[in-house]
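Here is the structure we will look at.
Only the coordinates and a few stated rules stand behind these numbers; no lab work does. Being a predicted model, the structure only gives us computed values, none of them experimental. Backbone-built Cβ (ideal geometry, glycine too); neighbour counts: all protein chains shown.
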Amino acid sequence: MVRLHVNIDHVATLRQARRGLEPDPVAWALAAEAAGADGITCHLRKDRRHIQDADVVQLRARIGTLLNLESSLDPEMVAIAEASGAEAFCLVPENRKEVTTEGGLDVLGERARLSDAIPRLVAVGGAVSLFIDPEPEQIRASADSGATFIELHTGSYANASGEQRAAELRRLSEGASLALELGLRVNAGHGLNYENVGPCAKLPGIEELNIGHSIVSRATFGGVAEAIATMRALIAGA
Ligand code: PXP
């Protein structure tokens, strides 16, 4: 079965809104594992807008499944990833002004930094994945890069509708097939939700889906009744 890796960045986004302690992304990750997540993914961004360095340390110490750490190619971030103990690394583009990761990595343009980062992450035992758009030239360059996996960027598919969505799904499917032919393993993610995940779970050879925002959003909503009832009970009992 396709593995579900749960991205917990936005639990940390909520905590950072108050720079406090709750909600704790590590406790949330443990609950996600208990509920069936096959792995936990987080993105330590250079601007530290959500996940913090201490979260990565605590996650690695406390979760029982795989930790997949997303990192940019910034040398400081690669050095942190190298020392993190994570079992998997997903290399992503990063731009300070973006709201979320926009577009895939330019594997051709980043050849120099990738040829430094990939062997270092492989040497610490990590499975390295490149987050790319489903473009044949990026897939071919990924196959030559030393990475084991690609993670196909599903954002354009998720944002499209009707015919356009069908076309984006074809691109993903053809991209996955090409990657498999070239010996790459295939993951996918970004923008997947309860309405659009099905076709991506059936992409050729797909091993893992990385999903964050929609799961965190739904969990927040699903917990409303308990949160209100508990607070009312505390007020009533005071
Ligand atoms: N995969 C990668 C490489 C990402 O950067 C992200 C977002 O951080 C995701 C998957 C998850 O995207 P979403 O939060 O939209 O599910």
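A few notes on this one:
- Using alpha-carbon coordinates, inclination of helix 53-62 to the longest axis of the chain, degrees: 80
- Every Cα-Cα pair in segment 131-207 was counted, and those over 13 Å apart are 61% of them.
- Label zone (Asn159, point 7 Å along Cα-to-C-beta; backbone nitrogen cut-off 12 Å) within segment 99-134: 99-104.
- Cα centroid separation - segment 63-97 against segment 198-237, whole Å: 24
- As a ratio to 2.2 N^0.38 Å, the alpha-carbon radius of gyration computed for segment 1-129 takes the value 1.03.
- With 10 Å bins from 0: P(r) over the chain, alpha-carbon pairs, percent: 7, 32, 36, 18, 5, 2, 0
- Trypsin sites (Lys or Arg not before Pro) within segment 67-155: DSSP coil, no more than 16 neighbouring Cβ in 10 Å: Arg96, Lys97
- Where GluC sites (Glu not before Pro) in DSSP loops with at most 14 other Cβ within 10 Å are excluded, longest remaining stretch of the chain: 1-97
- Sorted largest first, the spans of the alpha carbon positions of segment 87-128 along the three principal axes are 32, 22, 14 Å.
- Each semi-axis of the equivalent ellipsoid for segment 72-149 is √(5λ) with λ an eigenvalue of the Cα gyration tensor; in descending order they amount to 19, 16, 11 Å.
- Per residue, the average separation of C-alpha pairs within less than 8 Å and at least 6 apart gives the chain a relative contact order of 17 percent.
- With Cα atoms, 0 to 90° folded angle of helix 224-236 axis to the chain main axis: 20
- Segment 12-54: trypsin sites (Lys or Arg not before Pro) falling in loop per DSSP and having at most 15 other Cβ within 10 Å: Arg18, Arg19, Lys46, Arg48, Arg49
- Rounded to the nearest 0.05, the FRET efficiency derived from the C-beta distance between Arg232 and Val99 at R0 = 30 Å is 0.30.
- Note on Arg113 and Ala34: the extension gain reaches 24.7 nm, defined as 0.36 nm multiplied by sequence separation minus the Cα-Cα distance.
- Qualifying trypsin sites (Lys or Arg not before Pro) for segment 160-238 [loop in DSSP, other Cβ within 10 Å: at most 11]: Lys202
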